[in-house]
Amino acid sequence: MAQIPAPIWEIPVQRHRVLVKICGLTLVDNALDCVKAGADIIGLVFFEKSPRHVSKAKAREIARALPKGVPACGVFVDETYDTIMQTVSACGLEIVQLHGAETPELADRLSAQNLVVTKAFFAARPPKLCDTEKYPSADFCLAEYGKGILPGGNAETWDYDQALDMAKKVRLMLAGGLTCENVADAVSRIRPHAVDVSSGVEKTKGIKDIAKVKAFIRAAKSVSI
């Protein structure tokens, strides 16, 4: 697996706290406030149809402002290898999230560039939650519903227990409909390595409510896994 040069990414053998990814940031100050609140990863969406889409220029500004040890993750949907790598280079991304129907070969090529690769799997559409073995180079396997209009979670909760088997086999990132109210229970039941939230902590699309971010992170990290 690819490695990010920060202690938080070491896979602990004993009990630890879940990592928290706050996704869909569009402003530098908002992203930094999320980091101050305890966010471990900042997600930047490069899918143009998303209301949280961010330009390369703005993404680069956000990524460069992040402190060492808090990586920027670029979220892509069915983009080509060349497009992804150009964006990685332009913006200084450390993680790439493949949130469409990308092939295992694309994940392999990106991993070979020393990028941390997150591949999304869905309860409601392909690639399904049971398809993780087809993507051995994925550092994280993200599980979510995948039933809404957009490729992301669409703020819809789902039966997180469907990801229990994944959590036993891969480094799981749980997503889709997570909020301050349900994340502690989800972490306790599923025991993922990381959780991913966007709309669940928003003030408006692309702007996070820092009070909600703090409450979400506090709840998520209150559970030892």
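Of the set (1) over 23 Å from Ala211 (Cβ atoms); (2) modelled with pLDDT of 95 or more; (3) open to solvent by less than 60 Å² (accessible area, probe 1.4 Å); (4) assigned to a loop (DSSP other than H, G, I, E, B), all apply to Thr26 but (1).
Taking the criterion of being out of contact with any Phe, Trp or Tyr (no Cβ under 9 Å at 6 or more places or on another chain) and closer than 18 Å to Asn114 by Cβ, would at least one residue in region 47-54 satisfy it?
Of region 47-54, the ones out of contact with any Phe, Trp or Tyr (no Cβ under 9 Å at 6 or more places or on another chain) are 48-52.
Checking the rest, the ones that are also closer than 18 Å to Asn114 by Cβ come to none.
Among the residues of region 47-54, not one is out of contact with any Phe, Trp or Tyr (no Cβ under 9 Å at 6 or more places or on another chain) and closer than 18 Å to Asn114 by Cβ, which makes the answer no.
The single condition among (1) over 16 Å from Leu98 (Cβ atoms); (2) buried (at least 21 other Cβ atoms within 10 Å of the Cβ); (3) not aliphatic (A, V, I, L, M) that Phe140 does not meet is (1). Within region 63-78, being over 12 Å from Cys23 (Cα atoms) and touching a Ser or Thr at 6+ places or on another chain (Cβ under 8 Å) holds for one residue alone: Phe76. What do you reckon, is Ala215 surrounded by 20 or more Cβ atoms within 10 Å (Cβ to Cβ) and free of Cβ contacts under 8 Å to residues at least 40 places away in the same chain? Criteria not met by Ala215. Do we find a residue being part of a loop (DSSP other than H, G, I, E, B), modelled with pLDDT under 95, over 18 Å from Ala175 (Cα atoms) and of a type in the set (Asp, Glu) anywhere in region 3-10? Yes, there is a match, as at least one residue in region 3-10 is part of a loop (DSSP other than H, G, I, E, B), modelled with pLDDT under 95, over 18 Å from Ala175 (Cα atoms) and of a type in the set (Asp, Glu).
Using the structure shown, decide if Gly146 is surrounded by 15 or more Cβ atoms within 10 Å (Cβ to Cβ), at pLDDT below 95 and on the phi > 0 side of the Ramachandran plot. Outline the logic, then answer.
Numbers: surrounded by 15 or more Cβ atoms within 10 Å (Cβ to Cβ): yes; at pLDDT below 95: yes; on the phi > 0 side of the Ramachandran plot: yes.
Yes, satisfied.
Just the residues that are open to solvent by 20 Å² or more (accessible area, probe 1.4 Å) and in contact with a strand residue (DSSP E or B) (Cβ under 8 Å, 6 or more places away or on another chain), please, taken from region 203-212. It would help to see each step written out before you state the result.
Step one: list which residues in region 203-212 are open to solvent by 20 Å² or more (accessible area, probe 1.4 Å), which gives 203-205, 207, 209-212.
Within region 203-212, Asp209, Lys212 qualify.
State whether one or more residues within region 150-162 are open to solvent by less than 10 Å² (accessible area, probe 1.4 Å) and either farther than 13 Å from Val18 by Cα or without any contact (Cβ under 8 Å) to a residue 12 or more places away in the chain (or both). No, because not a single residue in region 150-162 is open to solvent by less than 10 Å² (accessible area, probe 1.4 Å) and either farther than 13 Å from Val18 by Cα or without any contact (Cβ under 8 Å) to a residue 12 or more places away in the chain (or both).
Remark: Lys203 falls outside the filter, which requires a residue to be more than 23 Å from Thr118 (Cα to Cα), in a helix (DSSP H, G or I) and at pLDDT 95 or above. The residue that is surrounded by the most Cβ atoms within 10 Å (Cβ to Cβ), counting only those in region 91-137 that are among the basic types (Lys, Arg) and touching a strand residue (DSSP E or B) at 6+ places or on another chain (Cβ under 7 Å), is Lys119.
The set of residues from region 29-61 being in a helix (DSSP H, G or I) and more than 15 Å from the chain's Cα centre (by Cα) comprises Asp29, Asn30, Leu32, Asp33, Lys36, Lys56, Ala57, Lys58, Ala59, Arg60, Glu61. Pairs are defined by a Cβ separation below 7 Å, a sequence spacing of at least 6 or placement on different chains, a first member in region 62-74 that is among the aliphatic types (A, V, I, L, M) and part of a helix (DSSP H, G or I), and a second member that is open to solvent by 20 Å² or more (accessible area, probe 1.4 Å) and modelled with pLDDT of 95 or more; the pairs so defined are Ile62/Val28; Ala63/Gly92; Ala65/Val28; Ala65/Leu32.
The values are calculated or read from the model by the stated rules, or taken from the named source; none is laboratory data. Predicted model, so just to flag it, every value in this text is computed and none were measured. Using ideal geometry, Cβ is built from the backbone for each residue, glycine included, and neighbour counts are taken over all protein chains shown. Ligands, DNA and RNA are excluded from the accessible area calculation, which covers all protein heavy atoms including side chains. Shrake-Rupley method; radii C 1.70, N 1.55, O 1.52, S 1.80 Å.
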